[in-house]
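Values quoted throughout were computed directly from the atomic coordinates according to the rules given, and no laboratory measurement underlies them. None of the values given here were measured: they were computed from a predicted structure. Note that we place each Cβ from the backbone using ideal geometry, even for glycine, and neighbour counts take in every protein chain shown.
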Amino acid sequence: MGEGLARSVLGMDRGEITALVSEAGEPAYRAKQIMDAVYRQRVESLAEISTLPQEFRERLAASGVSVGAARIEKKFSSVDGTVRYLIGFGDGQSVETVWMPEGDGGEAGDGSDAGVEAESGLSTSGAEARFQIPASDAGMEGLLHPPQNRVRPGRSTICISSQVGCAVDCQFCLTALLGVKRNLTAGEIVGQVCAVLKDQQVSPPEDRINLVFMGMGEPFLNYENFIKASRLLVGGVGIAERRMTVSTAGIVPRIHDFGEEKIRPKLAISLNAPNDELRMRLMPLNKKWNLEMLMAAARDFPLRTREWITFEYVLLGGENDLPENAREVAELLRGLRCKVNLIALNPGPGIEFTTPSADRVTEFQNILRGAGIPAFVRRPRGRDIYAACGQLKRTVEVATLPELQFQAISPLAPEG
Ligand code: SAH
């Protein structure tokens with residue numbers, strides 16, 4: 001954008017749009033028209049907002065207002081159906097957003113489940129119906145234009161980024177190699193979702209869309225924008241809170257703040273090691289917020305009915321994947337309403353660790369389950385296009401190494 005007067009509607013909440021409309025001397029109902037156009041119809045330019053008088057659209061544009069839609073710069077498609085998008089912003093920065101369509105039913109634990117307990121067997125059956133936003137609340141009144149004559153995808157997941165790069169420096173993550181360039185604005189966070197929904201021709205709530213804040217960046221280090229984006233995704237785009245999950249590397253004070261939010265996604269915590277010595281080595285932020293502080297925050301976290309905390313655990317061959325580590329994890333999590341998503345390392349250039357064997361992964365899972373902790377293996381999605389967890393680095397080439405080609409790390413745990 002650049003100019004001081006330039007303003008994007010995307011990222012504005014109802015109050016801000018109302019102010020914009022009243023500044024322009026227009027009636028208040030125009031605010032709802034703009035909200036609907038931007039968040040539900042997902043227009044890319046003011047010119048497309050046909051509910052507004054032409055003259056008003058031109059006046060807005062002349063005063064430096066634009067939709068501020070995110071631009072898809074590149075798209076990489078995996079053999080498993082996953083699509084990695086490179087999404088660009090006005091200042092030349094870009095992030096990655098990943099689309100994971102429903103797979104073959106054997107992918108429980110891929111992250112999509114983190115947002116849908118009702119379907120995961122962790123909560124009472126029939127709960128699902130109560131989580132859905134009634135069409136009227138979602139402001140659906142005739143505004144959506146669902147594409148006709150096509151098979152709707154089932155449960156799909158969008159993984160979005162919260163920062164350009166990341167400052168946290170986890171030793172096994174490719175994004176860390178970028179460092180942090182800047183925070184995304186709320187509009188840029190929501191813009192990723194709008195761009196992908198549009199490109200995939202899907203619309204919540206008719207299409208079941210889960211959202212995970214598990215892309216590039218640490219959402220809790222861009223807290224205000226992340227929270228504002230969450231509210232806009234619920235109130236504007238119409239994605240249910242229960243279908244969203246945010247993952248944090250463990251920014252403890254923000255976990256406390258997050259628990260107090262009225263509207264919030266569900267919480268996932270990247271545990272990755274069961275003791276301070278190991279966690280410090282893998283995740284330097286553990287020096288600032290150690291396991292005792294992290295676990296205290298998790299225990300204090302005000303869970304809602306049928307809500308569980310998800311702990312993610314990246315398994316690194318010979319580092320943190322020993323049976324003894326699994327027993328330590330079980331001990332650490334004892335008594336918590338939680339589940340564990342195990343992720344076998346997704347490799348990448350510059351990452352020194354190795355991916356454990358499938359047997360190792362299963363053994364780790366079995367120890368946790370034996371201790372009464374629900375544990376699932378997250379199926380890697382889009383490894384061949386560098387779209388899997390920890391692989392988001394704005395890579396423009398796709399993997400050519402044979403060992404990266406769509407490896408299976410089964411057995412996959414059926415979660416239902
Ligand atoms: N910064 C947040 C959000 C990113 S979520 C967080 O750390 O939670 C990305 C998830 O992928 C995290 O659980 C992280 O531990 C995991 N991850 C990072 N690098 C990985 C890799 N190379 N292979 C598998 N998982 C990885």
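Given 77, 66, which one is within 24 Å of residue 207 (Cα to Cα), out of contact with any Gly (no Cβ under 8 Å at 6 or more places or on another chain), hydroxyl-bearing (Ser, Thr, Tyr) and surrounded by 13 or more Cβ atoms within 10 Å (Cβ to Cβ)?
When all the criteria are applied, what remains is 77.
Name the single residue that is surrounded by the fewest Cβ atoms within 10 Å (Cβ to Cβ) among those in segment 244-265 being within 26 Å of residue 204 (Cα to Cα) and within 16 Å of the ligand (Cβ to nearest atom).
Filtering segment 244-265 for residues that are within 26 Å of residue 204 (Cα to Cα) and within 16 Å of the ligand (Cβ to nearest atom), the one surrounded by the fewest Cβ atoms within 10 Å (Cβ to Cβ) comes out as 264.
Do we have residue 229 as assigned to a helix (DSSP H, G or I) and within 10 Å of the ligand (Cβ to nearest atom) here?
Criteria not met by residue 229.
Considering only residues that are touching a Leu at 6+ places or on another chain (Cβ under 6 Å) and either closer than 15 Å to residue 255 by Cβ or within 16 Å of the ligand (Cβ to nearest atom) (or both), which ones fall in segment 321-336?
Matches in segment 321-336: 321 only.
Kindly indicate the residue of segment 306-325 that is part of a helix (DSSP H, G or I) and out of contact with any Pro (no Cβ under 8 Å at 6 or more places or on another chain) and also nearest to residue 359 (Cα to Cα) among those meeting that condition.
Applying the filter and picking the extreme gives 323.
Could you look through segment 45-80, keep only residues that are without any contact (Cβ under 8 Å) to a residue 40 or more places away in the chain and in a loop (DSSP other than H, G, I, E, B), and pick out the one that is nearest to residue 197 (Cα to Cα)?
For segment 45-80, the residue satisfying everything is 45.
State which residue is surrounded by the fewest Cβ atoms within 10 Å (Cβ to Cβ) when the search covers only segment 177-212 and only residues that are within 14 Å of the ligand (Cβ to nearest atom) and farther than 16 Å from residue 156 by Cβ.
179
Among the residues of segment 46-63, which ones are among the polar types (S, T, N, Q) and either more than 21 Å from residue 237 (Cβ to Cβ) or surrounded by 13 or more Cβ atoms within 10 Å (Cβ to Cβ) (or both)?
Once the filter is applied, which keeps residues that are among the polar types (S, T, N, Q) and either more than 21 Å from residue 237 (Cβ to Cβ) or surrounded by 13 or more Cβ atoms within 10 Å (Cβ to Cβ) (or both), segment 46-63 yields 51, 54, 63.
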